[in-house]
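Let me begin by presenting the structure, written as structure tokens, before commenting on it.
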């Protein structure tokens, strides 16, 4: 019989599910920026827009939360790394540095945050490319309506479109993507970190970085771990990956059936696996509609 995770863990052992940290409800950066930015007086020039570097979460900046990573109190440090994750790419550097922290819980949260940031960066790059494609289509329509005797310079247009896409890809790959050194460090941690939970968090981050074939198998393997908290945590991570984690579908379906409510199994595990399946399948359906 699986044993519930005790309320108090030894220092350095992260609690993937049901962790005892005080609840943190950080103020979204956009909302905080809107509050901090007063409306200009009537007839006055518009005030400069709020920049990313002045974003606040729970009333504190990236720099302030980064200082809390060094606090002597463990709970304060854990709250700090969670809050930094809410900043996204702006807090990438202090989060990456936390991968070397002595506390396994800090490393776990840092790796998960890096995976979330990486996926957000890919979404932004995809949106930029889609906008670029839409602009190119509009330009093509306008050119087609020109006089037949003065056809558009197709080669110039194609070169311009290609340059726009390259710029967009470079922007996404630069500020919103992990460096080769960080990826290599995560790979090494999946193989050698003392904490199994940290290994699975690093595998999740690498999957979000596009290395699905190499690192999803580790997460699928952990679904058979003989402890509820670990299985539920891994199922949640797989669900966050979405359609690229489709290879885990059969294992998730089997666990969901064996642990369905009313069965002899653990309904917590069954529910976690069902949630993961819904996220994979719903996102997959949406992608199918876009195709």
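Miscellaneous remarks
- Scattering profile of the range 175-270 at q = 0.11 Å⁻¹ [log10 I(q)/I(0), Debye over alpha-carbon scatterers]: -0.34
- Contact order normalised by residue count of the range 221-291, Cα under 8 Å, 6+ apart, percent: 34 percent
- Taken over the alpha carbons of the range 221-291 as equal point scatterers, the Debye sum produces base-10 log I(q)/I(0) values at 0.16, 0.17, 0.20 Å⁻¹ of -0.50, -0.55, -0.73.
- Protection-proxy order for peptides 90-103, 181-194, each taking the mean of Cβ atoms within 10 Å per residue, highest first: 90-103, 181-194
- Note on residue 184 and residue 70: with the Förster distance fixed at 35 Å, the Cβ-Cβ geometry gives a FRET efficiency of about 0.85.
- Protection-proxy order for peptides 229-240, 210-221, each taking the mean of Cβ atoms within 10 Å per residue, highest first: 229-240, 210-221
- In terms of the mean number of neighbouring beta-carbon atoms within 10 Å, the peptides 77-83, 199-205, 249-255 order highest first as 199-205, 77-83, 249-255.
Since every read-out is calculated from the coordinates, none of them should be taken as a lab result. Fair warning: this is a prediction, and the values are worked out from it, not measured in the lab. Cβ: placed from backbone, ideal geometry, glycine included. Neighbour counts: every protein chain shown.
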